[in-house]
Every structure is written in C-alpha cells, then in structure tokens.
1. Where residues in region 1-33 are in contact (Cβ under 8 Å) with a residue 12 or more places away in the chain and out of contact with any strand residue (DSSP E or B) (no Cβ under 8 Å at 6 or more places or on another chain), which of them is nearest to Leu85 (Cα to Cα)?
2. Being exposed (fewer than 15 other Cβ atoms within 10 Å of the Cβ) and touching a residue at least 60 places away in the same chain (Cβ under 8 Å) is the filter; apply it to region 61-84 and report the residue that is nearest to Ala27 (Cα to Cα).
3. Can you tell me which residue among Ile40, Ile5 is modelled with pLDDT of 95 or more and buried (at least 22 other Cβ atoms within 10 Å of the Cβ)?
4. Just to be sure, is Arg255 without any contact (Cβ under 8 Å) to a residue 24 or more places away in the chain and not assigned by TED's automatic domain parsing to the domain that holds Asp77?
5. I'm told Ser108 meets every condition in (1) closer than 17 Å to Ala246 by Cβ; (2) out of contact with any helix residue (DSSP H, G or I) (no Cβ under 9 Å at 6 or more places or on another chain) except one. Can you identify the failing condition by its number?
6. Return only the number of the condition from (1) modelled with pLDDT under 95; (2) more than 15 Å from Ala234 (Cβ to Cβ) that Ser164 does not satisfy.
Amino acid sequence: MKIAISANHAEKSQNVAAELTDKLKKAGFDLDCDQPSVVITIGGDGTLLNAFHKYSDRLDEIRFIGVHTGHLGFYTDWRDYEIDLLVESLIYETEQSVSYPLLDVILSYSDGQPDRKYIALNEATIRNIERTMVAEVYIRDEFFEKYRGDGLSVSTPTGSTAYSKSLGGAVVNPRVKAIQMNEIASINNRVFRSLGSPLIIAEDDWIRIDLKRDDKYQLHIDHFVESQVNLASAYFKVSDKQIHFASYRHTHFWRRVNDAFIGNM
C-alpha cells in the first residue's frame, strides 16, 4: 500500500502529519505522493477538496481518508487524537470502500476554443460578473425555463449539505445518483418567471445552461474560482467517476448530517 499525506498549513495539522508520517514509516508503509493508493488528508473539508482535485485523474485507483483537526469536517472520519487507531486500521484493512457520486461539467465557447471539462465533489456555480445573469435552461435538451438572477448552482448529493443547502436545496443521500440545481436570487414577477425551486435530476438526464453571449462569467468548481469569457453554454451530468472513501471507519451519511447541523443523535 502506497500512502500520501496531505495536510493544511495550520500548526496542529502539521504536527499531526509529522506524527502520522513517523508512525506509518515505523509500521512499514510506503509513503508516495505521486502514485498513492490511499490519500490521508489532515485538516478539514477544504483540505480533502484540495486533495480530491490534485488526484482527480486517478480517482479509480485511490481511496481517501480524512483526519479532522478543526471544528467541523463533513468528509473527515478520524480525529487528530486517533492516529494510533488509524495506523492499526491501515495494517489490518480490507481494501473496501464507500463510493459517492461526482459532477461532470463541460463548458462550450462561442469563439471556437475547445470545450473544457471539470469534475466537482460538491458543486459547480455560474455567475455573471457584471450584471443580472440571463440563461436558458434545458433538461435532456428540452427547453425548461428562461432564468434571470444572480446565478445557478448544480450540486452532487454530498454537496447538497454545502452551498446547495444554504440556497434552500434538499439534502440528498449519496446513494441516490442524482444532481441538484438551485437558483441564486432569481427574479420572479409578472414579466420574468422561473420555477424558483430546486431541481433534482436523474442519473441518465443532464442539464444544459445556454448563456447570453459576450458577457463575463465566473465559474466556481468546489472552492476554486475561474473567470470565463466567450462562454456559450454549460453542461452538467452525474459523472461516470466516483470518489472512494476507505470504509472501515466511514461515518453513516445521516449521522454526518446530524453531527454537522443538529448534534443530538
């Protein structure tokens, strides 16, 4: 087993990473950041998101483990004081995993440049930088609505507990292979009208958003942000890829939700 450790820059996380590195070496594990089969993140959800995108081209070969050193971590199953238990679990582990759906995003441009493809663990969001965003929304290439507002966000089931939830979206169990679209401050009156409710799209469907040409847009993929010019359309679907978490200490999804938002389970 080849293991990579990815920690944020906080002093506590760096200390835990040093301790874990030492214990893994003493246990005979091979530490390899280039070709790992297991990636251990130390910090919080942002640290895991960084590692996910770093290894996004090798998701079929990697299982992730999250060690939590902060106040709240939705993707982290271990605490910083459980390093000995984690190493012991790695020694006797069975290579089983729990898998969650991901989101494919494909952008097309009006100036002839090649399409760009992205993958998201939580969500992808498009906003117009300069003015109200105007977009036509298609579901499986059938026109659904004309949207006006601040932007549109499409999330995965695990991402339904992140930005999507703050937009009024439903919390979706990741065993449901679906994506969810939420409107951001939509304009709804006698002249302009969109559904105004979250849309949950099945695994074999897709969403296409056609955008007003020559406007400037901002694309958010998880916690990364890119400016986009000459953007013509964005296509969203459930990805063929999945993220895999080592399952010997993987917290049940609804317990995660309870711990994160309620805290009395």
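1. Among residues in region 1-33 that are in contact (Cβ under 8 Å) with a residue 12 or more places away in the chain and out of contact with any strand residue (DSSP E or B) (no Cβ under 8 Å at 6 or more places or on another chain), the one nearest to Leu85 (Cα to Cα) is Lys23.
2. The residue in question is Asp84.
3. Numbers: Ile5 fails: buried (at least 22 other Cβ atoms within 10 Å of the Cβ).
Exactly one of Ile40, Ile5 is modelled with pLDDT of 95 or more and buried (at least 22 other Cβ atoms within 10 Å of the Cβ), namely Ile40.
4. Numbers: without any contact (Cβ under 8 Å) to a residue 24 or more places away in the chain: yes; not assigned by TED's automatic domain parsing to the domain that holds Asp77: yes.
So Arg255 passes the test.
5. Checking Ser108 against (1) closer than 17 Å to Ala246 by Cβ; (2) out of contact with any helix residue (DSSP H, G or I) (no Cβ under 9 Å at 6 or more places or on another chain), the one that fails is (1).
6. Only one criterion in (1) modelled with pLDDT under 95; (2) more than 15 Å from Ala234 (Cβ to Cβ) is unmet by Ser164, namely (1).
The values are calculated or read from the model by the stated rules, or taken from the named source; none is laboratory data. Just so it is clear, the model here is predicted, and its values are computed rather than measured. Neighbour counts are summed over all protein chains in view; Cβ atoms, including those assigned to glycine, are modelled from backbone coordinates with ideal geometry.
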